[in-house]
Structures are given as C-alpha cells and as structure tokens.
Amino acid sequence: MSDWTWEHEPDAENVVGGLDKAQRLEVEAIAQRIADAVGVRRIGKPSTPPRRHPASGRSQRAP
C-alpha cells in the first residue's frame, strides 16, 4: 500500500462556470476575504485596528 494521495485542484471554470458576472464577483470577494484571513493568521495582526460595532461593541473588520 502506498502513501500517495491525490488532491483535486479545480480550475476557474469548474469553480464559477455558469455563474453570471455578479455571482462571479461575489465569489471573488469571498475568496479574497478568505485569503486575507489566512494572511492575518500566518503573518500577524493587520496594520489597521478593528472598528467597533456601535450597538454590540464587538470588533469588526472593514471588508
């Protein structure tokens, strides 16, 4: 038995094929937010301080 594995890395057409322009832009925005979150975790704290939500006082990041 081998320890070889295979991971599927889909191309853009497999991910967003068939979506209209607005949906593609939304997918792109979500992907960017995920990439930013991973970057913060790997690199450290972002250079801009978080804003506070006026009602809850919870921290929130700008999109």
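Just so you know, all these numbers are worked out from the coordinates, no wet-lab data involved. None of these values were measured; they are calculated from a predicted model. Methodologically, a virtual Cβ is constructed for each residue, glycine included, from the backbone with ideal geometry; neighbour enumeration extends over all protein chains shown.
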| request: Sum up the charges of everything whose Cβ sits under 15 Å from the Cβ of residue 26, counting Lys and Arg as +1 and Asp and Glu as -1, but leave residue 26 out. | output: +1
| task | Treat each spin label as a single point 7 Å out from the Cα along the C-beta direction, and report the residue 40 to residue 8 distance in nm. | result | 3.1
